[in-house]
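Asks: Please see the structure below; I have some questions.
The values are calculated or read from the model by the stated rules, or taken from the named source; none is laboratory data. Keep in mind it's a predicted model, so treat the numbers as computed, not measured. Methodologically, a virtual Cβ is constructed for each residue, glycine included, from the backbone with ideal geometry; neighbour enumeration extends over all protein chains shown.
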Amino acid sequence: MSQIKNAACVGGGVIGGAWVARFALAGIDVKIFDPHPEAERIIGEVMANAERAYAMLTMAPLPPKGKLIFCKSIEETVKDADWIQESVPERLELKRGVITQIDAAARPDALIGSSTSGLLPSDLQAEMKHPERMFVAHPYNPVYLLPLVELVGGKKTSKTTIERAMLGVEQIGMKGVVIAKEIEAFVGDRLLEALWREALWLIQDDICDTETLDNVMRYSFGMRWAQMGLFETYRIAGGEAGMRHFLAQFGPCLKWPWTKFTDVVDLDDALVEKIGAQSDAQAAGRSIRELERIRDENLVGIMHALKSGNGGEGWGAGKLLADFEAKLWANAKKPEADLGDVKPLHILDTKVSAAWVDYNGHMTEHRYLQVFGDTSDGLLRLIGVDLEYVRDGHSYYTVETHIRNLGEAKLGDALYSTCQLLSSDEKRLHLFSTIYNAATKEAVATAEQMMLHVDSKAGKSVAAPAKVLDKLKAITEAHAGLPTPEGAGRFVGQKR
Ligand SMILES: CC(C)(COP(=O)([O-])OP(=O)(O)OC[C@H]1O[C@@H](n2cnc3c(N)ncnc32)[C@H](O)[C@@H]1OP(=O)(O)O)[C@@H](O)C(=O)NCCC(=O)NCCSC(=O)C[N+](C)(C)C
């Protein structure tokens with residue numbers, strides 16, 4: 001298996017369903033087995049959330065969505081799969097039995113990953129005929145957005161399996177980390193368990209309620225952890241002397257009574273009820289689906305912020321997203337301008353997402369510029385100015401923009417943009433873009449822009465090469481026959 005073409009998911013709950021979405025949105029056909037009578041509905045809802053999140057996450061050309069095929073048996077589900085992901089409930093006997101059944105029916109070269117949160121792969125592979133291809137692939141919820149997968153091999157897992165698994169997760173836009181030795185709960189869940197135990201004590205002992213505890217996390221170190229881990233953060237906390245100073249300063253506290261987490265709190269009915277009631281109050285009537293949507297919007301926002309971090313190079317999960325998008329663009333067919341039927345070029349389709357809407361309940365100002373920027377990027381790709389071209393040292397920069405807002409775009413509205421070239425020469429590219437409401441076909445906004453071809457290292461405008469100018473000229477000549485768009489050349493203050 002060099003590339004995953006067919007995936008199989010055994011178990012379609014919260015984690016299994018989100019694996020289905022991750023595979024399908026990476027263009028991979030997925031066979032699914034889950035005996036739950038409502039499996040199709042549940043997975044359909046996860047898919048809908050995932051598609052909604054991806055529409056906000058990226059404008060890169062995703063491959064056509066993989067097919068979802070619901071099967072009646074494990075055997076039928078796994079027999080042709082390249083990657084099989086087991087996500088059944090967290091009980092050793094159940095998981096081991098299912099994995100043994102998968103092993104018997106799968107191709108000998110198929111990879112078998114388990115989503116277990118803490119069981120040892122050696123225990124899971126104990127009864128397999130081909131245990132060398134089995135490993136833990138432990139993801140984080142929501143699997144379709146959070147990129148991490150902990151890859152853990154058991155005693156019988158081969159090195160090649162882990163290497164192939166690393167390539168597999170990369171193909172679907174995830175970040176594989178190999179855990180050197182198997183241990184219950186691996187790395188992520190060990191850390192979470194420590195925090196969870198301490199949190200339960202703090203609630204039990206009435207030190208704080210669930211909302212206060214969550215606030216302590218999300219207004220402080222939770223934000224740090226999204227972009228740097230524990231050690232990098234503490235290195236900075238050590239000041240100029242770095243990690244060594246941090247250890248000298250806070251090392252002695254380890255001996256102080258700052259934790260109770262090695263004791264196990266008694267999760268009796270009273271504590272369960274106390275936590276349940278505080279958590280209900282915190283949710284303030286929001287359903288789980290609503291909370292999932294808020295979570296997804298926030299995660300997308302964080303990933304976007306991280307994508308432009310580190311001087312635009314991207315940082316952490318944002319760099320991973322930028323690299324994944326660059327691959328999608330490189331794999332996509334080189335776009336060609338359709339000049340057969342002369343009209344403004346249709347450039348992109350998008351949707352007004354919740355993160356784009358302001359306190360007036362409509363798409364906010366800077367998102368228009370974002371869509372126009374994405375539109376000019378789309379036009380540039382049509383004349384061969386893509387990421388490779390930019391990496392080679394040349395680009396087009398916008399030097400002037402005039403936006404008119406003609407109508408409102410509301411949450412969830414489908415939009416598309418078009419672009420008409422008004423003129424061009426060896427340096428200049430003068431364009432007129434329009435954003436339309438896809439349902440009403442009414443123009444929502446227009447932008448007239450001037451872009452200059454630049455040598456990006458020198459930071460100076462220079463003539464574009466013939467390979468770009470030839471394509472540009474063909475579009476400009478075709479568009480010369482179009483009427484000048486209403487609004488072109490308008491200035492602010494002009495009567496209308
Ligand atoms: C580097 C820069 C773009 C240009 O600086 P320069 O090399 O000094 O160029 P000149 O100012 O001399 O201009 C070269 C020729 O172009 C003519 N010109 C300049 N501006 C306009 C205009 N608004 N309208 C018409 N013509 C214009 C100028 O008269 C010169 O003509 P000649 O006949 O004498 O050659 C520099 O301006 C710069 O760095 N600007 C900042 C760019 C920027 O950061 N833009 C925001 C980025 S957003 C973006 O780019 C979006 N996207 C394209 C990536 C989607």
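Asks: Search the stretch 427-456 for residues that are assigned by the TED database to the domain that holds residue 410 and pair each with any residue that is more than 16 Å from the ligand (Cβ to nearest atom) and among the charged types (D, E, K, R) when their beta-carbon atoms are under 6 Å apart and the residues are at least 6 apart or on different chains.
Replies: Hits for this filter: 437/413; 446/404.
Asks: Cβ contacts < 6 Å: first residue over 17 Å from residue 319 (Cβ atoms), restricted to the stretch 142-155; second residue hydroxyl-bearing (Ser, Thr, Tyr), any location; separation 6+ or different chain. Result?
Replies: Final answer for the pair search is 154/122; 155/122.
Asks: Tell me which of these residue 381 doesn't satisfy, since it passes every other one: (1) in a helix (DSSP H, G or I); (2) touching a residue at least 60 places away in the same chain (Cβ under 8 Å); (3) touching a Pro at 6+ places or on another chain (Cβ under 6 Å).
Replies: (2)
Asks: So, one more: Among all residue pairs at least 6 apart or on different chains, which show Cβ distances below 6 Å where the first residue, located in the stretch 319-334, is outside the structural domain of residue 61 (by the TED database) and the second is among the charged types (D, E, K, R) and assigned to a helix (DSSP H, G or I)?
Replies: Close Cβ pairs (under 6 Å, with a partner that is among the charged types (D, E, K, R) and assigned to a helix (DSSP H, G or I)) amount to 321/307; 322/307.
Asks: Filter the stretch 22-45 for residues that are over 20 Å from residue 74 (Cβ atoms), among the aliphatic types (A, V, I, L, M) and assigned to a helix (DSSP H, G or I) and give the result. Please lay out each step first, then the result.
Replies: Applying the first criterion (over 20 Å from residue 74 (Cβ atoms)) to the stretch 22-45 yields 22, 25-27, 41, 44-45.
Then keep just the ones that are among the aliphatic types (A, V, I, L, M); that gives 25-26.
Selection gives 25 alone.
Asks: Considering the stretch 298-310 alone, what residues qualify as being over 16 Å from residue 228 (Cα atoms) and surrounded by fewer than 16 Cβ atoms within 10 Å (Cβ to Cβ)? Give the derivation first.
Replies: Here is the first cut: in the stretch 298-310, the residues over 16 Å from residue 228 (Cα atoms) are 298, 300-301.
Listed by number, the residues that qualify are 298, 301.
Asks: When the residues of the stretch 458-496 are narrowed to those that are under 34 Å from the mean Cα position of the chain (by Cα) and within 16 Å of the ligand (Cβ to nearest atom), which ends up farthest from residue 395 (Cα to Cα)?
Replies: 472
Asks: Check off (1) out of contact with any Gly (no Cβ under 9 Å at 6 or more places or on another chain); (2) within 11 Å of the ligand (Cβ to nearest atom) for residue 455 and give me the number that stays unchecked.
Replies: (1)
Asks: Could you tell me which of the residues 389, 359, 397 is among the aromatic types (Phe, Trp, Tyr) and more than 25 Å from residue 454 (Cβ to Cβ)?
Replies: None of the other options fit; the residue is 359.
Asks: Still on this structure: Read through the list (1) more than 30 Å from residue 48 (Cα to Cα); (2) more than 13 Å from the ligand (Cβ to nearest atom); (3) surrounded by 16 or more Cβ atoms within 10 Å (Cβ to Cβ), then give the number of the only condition that residue 363 fails.
Replies: Tallying (1) more than 30 Å from residue 48 (Cα to Cα); (2) more than 13 Å from the ligand (Cβ to nearest atom); (3) surrounded by 16 or more Cβ atoms within 10 Å (Cβ to Cβ), residue 363 fails exactly one: (1).
Asks: Just checking, does the stretch 347-355 include any residue being within 13 Å of the ligand (Cβ to nearest atom), outside any helix (DSSP H, G or I) and either over 19 Å from residue 434 (Cβ atoms) or within 28 Å of the chain's Cα centre (by Cα) (or both)?
Replies: yes
Asks: Determine, yes or no, whether residue 357 is over 29 Å from residue 47 (Cα atoms), in contact with a Leu (Cβ under 6 Å, 6 or more places away or on another chain) and free of Cβ contacts under 8 Å to residues at least 60 places away in the same chain.
Replies: For residue 357, the condition - over 29 Å from residue 47 (Cα atoms), in contact with a Leu (Cβ under 6 Å, 6 or more places away or on another chain) and free of Cβ contacts under 8 Å to residues at least 60 places away in the same chain - is not met.
Asks: Next question, about the same structure. Go through the stretch 457-496 and report how many residues are assigned to a loop (DSSP other than H, G, I, E, B), assigned by the TED database to the domain that holds residue 418 and crowded, with 17+ Cβ neighbours inside 10 Å.
Replies: 1
Asks: Can you find even one residue in the stretch 259-271 that is over 24 Å from residue 369 (Cβ atoms), in contact with a Phe, Trp or Tyr (Cβ under 6 Å, 6 or more places away or on another chain) and buried (at least 17 other Cβ atoms within 10 Å of the Cβ)?
Replies: Yes - at least one qualifying residue is present in the stretch 259-271.
Asks: How many of the residues making up the stretch 386-442 are closer than 15 Å to residue 367 by Cα, within 13 Å of the ligand (Cβ to nearest atom) and surrounded by 18 or more Cβ atoms within 10 Å (Cβ to Cβ)?
Replies: 2
Asks: Go through the stretch 177-196 residue by residue and tally those that are farther than 20 Å from residue 282 by Cα and in a helix (DSSP H, G or I).
Replies: Step one: of the stretch 177-196, the residues farther than 20 Å from residue 282 by Cα are 177-194.
Cutting the leftovers down to in a helix (DSSP H, G or I) gives us 188-194.
Count: 7.
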